[in-house]
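Shown next, in structure tokens, is the structure this report addresses.
The values are calculated or read from the model by the stated rules, or taken from the named source; none is laboratory data. Model, not experiment: these values are computed from the prediction. Counting neighbours? That spans all protein chains shown, and the Cβs are built from the backbone with ideal geometry, glycine included. Calculation scope for accessible area: heavy atoms of the full protein, side chains included, ligands and nucleic acids excluded. Shrake-Rupley method; radii C 1.70, N 1.55, O 1.52, S 1.80 Å.
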Amino acid sequence: MDWVAAKYCPLSYFGPKDPHKGSEDAKAEYKGVTYYLTNADVVKMFQADPEKFLPQFGGYCAMGMAHGKLTPVSPDNYKIIDGKLYLFLGEPDTKAPFEKDQEKNLKTAIDNWTKGNYK
């Protein structure tokens, strides 16, 4: 979960600005993981519904998951699809090929994740 290690605020992906790192003074723990958030108000929003803001596939690359692989991500390479956060590897960029057949790739990635078909 490279993006967690990079201390990116999960809610920042859903705001009007680009994703950004959270603050040492605004942290929340969820399922044993510490998330860095922007401020106390954002901590409250996150604690109210953490799953709403966390990336799909446990924070692994969506295109990697479409190929059945747990691939690390670049925290600033992302896409929101139907209100859900998907992260991608940045070098090489995996978002562009994912978008070429987004519907198929997303369905395959979801199937792989749900069935545990990944390494």
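Being under 17 Å from LYS84 (Cβ atoms) and open to solvent by 100 Å² or more (accessible area, probe 1.4 Å) is the filter here, so list the residues in the stretch 1-48 that pass it.
MET45
What's the number of the condition GLN47 fails, among (1) in contact with a helix residue (DSSP H, G or I) (Cβ under 8 Å, 6 or more places away or on another chain); (2) closer than 20 Å to LYS21 by Cβ; (3) in a helix (DSSP H, G or I)?
Among (1) in contact with a helix residue (DSSP H, G or I) (Cβ under 8 Å, 6 or more places away or on another chain); (2) closer than 20 Å to LYS21 by Cβ; (3) in a helix (DSSP H, G or I), GLN47 violates only (1).
Of all residues in the stretch 8-34, how many are in a loop (DSSP other than H, G, I, E, B), among the charged types (D, E, K, R) and either out of contact with any Pro (no Cβ under 9 Å at 6 or more places or on another chain) or over 15 Å from PRO55 (Cα atoms) (or both)?
The number of residues fulfilling the criteria is 4.
Could you grab me the full set of residues in the stretch 60-74 that are assigned to a strand (DSSP E or B) and either open to solvent by 20 Å² or more (accessible area, probe 1.4 Å) or of a type in the set (Gly, Ala, Ser) (or both)?
Once the filter is applied, which keeps residues that are assigned to a strand (DSSP E or B) and either open to solvent by 20 Å² or more (accessible area, probe 1.4 Å) or of a type in the set (Gly, Ala, Ser) (or both), the stretch 60-74 yields only SER74.
Within the stretch 62-78, can you find the residues that are under 10 Å from the mean Cα position of the chain (by Cα) and either β-branched (Val, Ile, Thr) or farther than 23 Å from PHE14 by Cα (or both)?
If the condition is that a residue be under 10 Å from the mean Cα position of the chain (by Cα) and either β-branched (Val, Ile, Thr) or farther than 23 Å from PHE14 by Cα (or both), then VAL73 is the only one that fits.
For the stretch 49-57, indicate whether the set of residues that are without any contact (Cβ under 8 Å) to a residue 24 or more places away in the chain, surrounded by fewer than 22 Cβ atoms within 10 Å (Cβ to Cβ), more than 17 Å from the chain's Cα centre (by Cα) and closer than 21 Å to PHE14 by Cβ is non-empty.
no
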